[in-house]
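The values are calculated or read from the model by the stated rules, or taken from the named source; none is laboratory data. As the structure is a computational prediction, the values presented were derived from the model and not from experiment. Positions of Cβ are backbone-derived with ideal geometry, glycine not excepted, and every protein chain shown enters the neighbour counts. The accessibility values were calculated without ligands, DNA or RNA, using every heavy atom of the protein model including side chains. Shrake-Rupley method; radii C 1.70, N 1.55, O 1.52, S 1.80 Å.
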Amino acid sequence: DLHYFIQSNLRMAASNNTAANPSTLLPLELVDKCIGSRMHMTMKNDREIVGVLVGFDDFVNMVLEDVTEYENTPEGRRVTKLDQILLHGSNITMMVPGGEGPVNQ
């Protein structure tokens with residue numbers, strides 16, 4: 001499967017790089033360090049999600065708690081509060097650890 005091929009190549013590249021640069025960090029290692037932290041995520045559908053990362057899997061599907069969803073509609077920005085959500089990793093376009101959400105809340 002392509003996902004595992006890419007992951008194994010990233011791991012090999014990082015392990016080869018680690019000797020020269022011990023600060024090398026793989027993407028999933030960075031996400032793992034963010035568990036328990038607030039995350040700001042931009043989604044493919046132009047929604048933005050802010051919440052506390054509880055967990056994730058190898059596909060970067062994520063469980064978030066204390067969530068605020070921001071959606072731009074023709075009527076203006078809609079803000080929805082949710083206790084807990086599961087985000088499908090393929091819909092996430094950007095993640096900002098420690099992010100607090102859209103600038104013009």
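Here are some notes:
- If you filter the range 80-95 down to residues that are open to solvent by 50 Å² or more (accessible area, probe 1.4 Å), hydrophobic (A, V, I, L, M, F, W, C) and modelled with pLDDT under 95, you find that the one that is farthest from Gly36 (Cα to Cα) is Met94.
- Scanning the range 59-74 for residues that are under 12 Å from the mean Cα position of the chain (by Cα) and open to solvent by 20 Å² or more (accessible area, probe 1.4 Å) turns up Phe59, Val60, Asn61, Val63.
- Summed over the range 45-58, residues that are closer than 16 Å to Pro102 by Cα and exposed (fewer than 14 other Cβ atoms within 10 Å of the Cβ) total 2.
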